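To keep things clear, I will list the structure first and then write my remarks on it.
The values are calculated or read from the model by the stated rules, or taken from the named source; none is laboratory data. In this text the structure is predicted, and so the values were computed from the model without any measurement. A quick note on method: Cβ atoms are made from the backbone with ideal geometry, for glycine too, and the neighbour counts reach across all protein chains shown.
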Amino acid sequence: MERHIVELLEQLPSITLAEMKDIRLMNRIDKKYLATISQLEQLLVMAQGKYMVQEIEGKRYSRYHTIYLDTPDEEMYTIHHNGRLVRQKVRIRTYLDSGDTFLEVKNKNNHGRTKKKRITVKGLHTLHEDDGDLLLAKHSKYLLADLVPKVENRFERITLVNMDKTERLTIDCHVKFHHLETDIHDTFDRLVIIELKRDGNVYSPVKKILRDLRIKPSGFSKYCMGSALTKPSLKRNRFKPRFVKINKLLNTH
């Protein structure tokens with residue numbers, strides 16, 4: 001993480017991981033925004049007095065590693081690409097600073113609400129013995145036998161919480177992708193992915209900040225964009241305008 005970003009984070013009051021348990025927002029409405037590092041600097045200045053930053057063992061940002069699973073013919077990717085509102089993602093996420101790993105199922109309905117279910121696992125090769133089959137049987141249309149690992153990513157995440165503890169803002173930086181079949185690597189190193197997570201339409205201080213910075217809502221799936229970047233044979237017509245928007249953003253800030 002850039003030194004000036006770390007310095008700005010130090011100016012915010014902190015909230016511990018234990019205190020975050022009250023605002024897990026596992027059944028939530030998500031809205032994503034795309035920005036640059038320079039816009040993130042401005043956002044952190046404007047967040048003073050309105051937000052706290054999650055701190056874990058003295059660090060105010062965390063490192064993540066994610067492996068996305070899909071069918072051999074990328075059915076989950078195709079459903080998202082084709083514009084279906086009801087969709088699903090299955091992933092293995094590791095919090096690199098703590099070593100905790102989870103198998104997660106994310107279901108999105110046609111009202112934009114996301115439900116996430118997860119269990120602790122040891123890793124990719126222990127999913128069957130770690131009750132991964134049971135989790136998917138309850139919350140997914142797929143079983144582990146239907147899925148293979150497709151894309152992995154790594155990124156650094158800042159988590160902000162408003163003073164009323166009614167919402168969570170995750171800010172992902174330096175996202176790097178690697179396709180496990182093609183062995184192609186790519187990155188959105190200068191792109192910042194902001195996600196506002198809340199249970200309903202409660203007042204959100206950051207929405208005004210985002211408007212003032214002219215940061216507009218923009219859909220972004222790390223799995224789909226990472227797949228489109230690193231597997232040339234995939235259909236990607238519906239994602240081309242998003243790539244154009246990202247390139248324009250990075251070239252103007």
Verdict on residue 171 being under 30 Å from residue 44 (Cα atoms), touching a residue at least 40 places away in the same chain (Cβ under 8 Å) and of a type in the set (A, V, I, L, M):
yes
Here the residues within segment 94-113 that are out of contact with any Lys or Arg (no Cβ under 6 Å at 6 or more places or on another chain), without any contact (Cβ under 8 Å) to a residue 60 or more places away in the chain and in a strand (DSSP E or B) are 94, 95, 100, 101, 103
Residue list for segment 150-178, restricted to those being touching a helix residue (DSSP H, G or I) at 6+ places or on another chain (Cβ under 6 Å) and either aromatic (Phe, Trp, Tyr) or farther than 20 Å from residue 60 by Cα (or both):
151, 153, 177
Only one of 164, 131 that is free of Cβ contacts under 8 Å to residues at least 60 places away in the same chain and at positive phi
131
Search segment 183-206 for residues being more than 18 Å from the chain's Cα centre (by Cα) and loosely packed, with under 13 Cβ neighbours inside 10 Å, and hand back the single one that is farthest from residue 47 (Cα to Cα).
183
Tell me, please, whether a residue that is surrounded by 19 or more Cβ atoms within 10 Å (Cβ to Cβ), β-branched (Val, Ile, Thr), in contact with an Asp or Glu (Cβ under 8 Å, 6 or more places away or on another chain) and touching a residue at least 40 places away in the same chain (Cβ under 8 Å) can be found in segment 207-228.
no
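For residues in segment 134-186 being of a type in the set (S, T, N, Q) and not in a strand (DSSP E or B), which is nearest to residue 13 (Cα to Cα)?
Keep residues of segment 134-186 that are of a type in the set (S, T, N, Q), which gives 140, 153, 159, 162, 166, 170, 182.
Remaining after also requiring not in a strand (DSSP E or B): 140, 166, 182.
On the way: 140: 39, 166: 16, 182: 43 Å.
The qualifying residue nearest to residue 13 (Cα to Cα) is 166.
Working only within segment 229-249, note down all residues that are surrounded by fewer than 15 Cβ atoms within 10 Å (Cβ to Cβ) and assigned to a helix (DSSP H, G or I). Steps first, please.
Taking segment 229-249 as the starting set, the residues that turn out to be surrounded by fewer than 15 Cβ atoms within 10 Å (Cβ to Cβ) are 232-233, 235, 237-238, 240-241, 243-245, 247-248.
Within segment 229-249, 237, 238, 240, 241, 243, 244, 245, 247, 248 qualify.
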Got a number for residues in segment 96-135 being hydroxyl-bearing (Ser, Thr, Tyr), closer than 26 Å to residue 61 by Cα and at pLDDT 95 or above?
2
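Take the residues in segment 229-253 that are hydrophobic (A, V, I, L, M, F, W, C) and free of Cβ contacts under 8 Å to residues at least 24 places away in the same chain, then tell me which one is farthest from residue 188 (Cα to Cα). Talk me through it step by step, then tell me what you get.
First, the residues of segment 229-253 that are hydrophobic (A, V, I, L, M, F, W, C): 229, 234, 239, 243-244, 246, 249-250.
With free of Cβ contacts under 8 Å to residues at least 24 places away in the same chain added as a condition, the list becomes 243-244.
Details: 243: 11, 244: 13 Å.
That would be 244.
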Set 91, 118: member being buried (at least 19 other Cβ atoms within 10 Å of the Cβ) and part of a strand (DSSP E or B)
91
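Restricting the search to segment 78-92, which residues are charged (D, E, K, R) and free of Cβ contacts under 8 Å to residues at least 12 places away in the same chain?
Restricting attention to segment 78-92, the residues satisfying the condition of being charged (D, E, K, R) are 84, 87, 89, 91.
Within segment 78-92, just 84 meets the criteria.
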